[in-house]
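This report concerns only the one structure given below.
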Amino acid sequence: MSLAARKIRLIMGLRRAGVTDSNVLNALERIPREAFVLPHFHDQAYEDQALPIAQGQTISQPQIVAMMTEALRVTKSHKVL
């Protein structure tokens with residue numbers, strides 16, 4: 001399955017999990033998660049799981065990130081890192 005198809009599957013899963021903020025979903029769709037994970041994890045970049053990144057750290061599970069970001073009620077004047 002291509003990364004694009006995996007990304008769509010992830011976004012649909014987030015919607016089923018209750019994430020409804022279209023801005024949050026659009027941001028998760030636009031940002032290439034594979035750019036943040038180690039190369040040998042690119043095929044897992046759009047799984048709903050935490051993945052290792054450099055320096056012994058992890059990138060959080062997309063569902064958790066989406067729910068926390070949605071709870072912030074971000075507006076266009078906010079910046080989220």
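The values are calculated or read from the model by the stated rules, or taken from the named source; none is laboratory data. Quantities reported herein were computed from a predicted structural model and do not represent experimental measurements. Glycine gets a Cβ as well: all are built from the backbone with ideal geometry, and neighbour counts include every protein chain shown. Accessible surface areas use protein heavy atoms only, side chains included; no ligands, DNA or RNA. Shrake-Rupley method; radii C 1.70, N 1.55, O 1.52, S 1.80 Å.
One table, with the values for the structure above:
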{"read-out": "Distance between modelled label sites at LEU72 and ARG9, nm, 7 Å Cα→Cβ extension", "value": "2.8 nm"}
{"read-out": "J(HN,Hα) series, segment 5-11, from Karplus relation 6.51 cos²θ - 1.76 cosθ + 1.60, nearest Hz, glycine and proline x", "value": "5, 5, 5, 4, 4, 5, 4"}
{"read-out": "Contour minus Cα-Cα distance for ALA35 and ASP21 (0.36 nm per residue)", "value": "2.7 nm"}
{"read-out": "Å² per residue, accessible surface of the chain at 1.4 Å", "value": "71 Å²"}
{"read-out": "The chain, accessible surface, carbon-and-sulfur percent (1.4 angstrom probe)", "value": "58 percent"}
{"read-out": "Cut-off under 5 Å, modelled amide H: who pairs with ILE59 long-range", "value": "LEU51, ILE53"}
{"read-out": "For segment 50-77 versus segment 10-46, the gap between their alpha-carbon centres in whole angstrom", "value": "10 Å"}
{"read-out": "Computed magnitude of the charge dipole of the chain (debye, nearest 20; Cβ of K, R +1, Cβ of D, E -1)", "value": "260 debye"}
{"read-out": "Residue-averaged [θ]222 nm for the chain, counting only DSSP H segments that reach four residues, each worth -39500 (n - 2.57)", "value": "-13000 deg cm²/dmol"}
{"read-out": "Largest-first ordering by accessible area, 1.4 Å probe, given options PHE36, PHE41", "value": "PHE36, PHE41"}
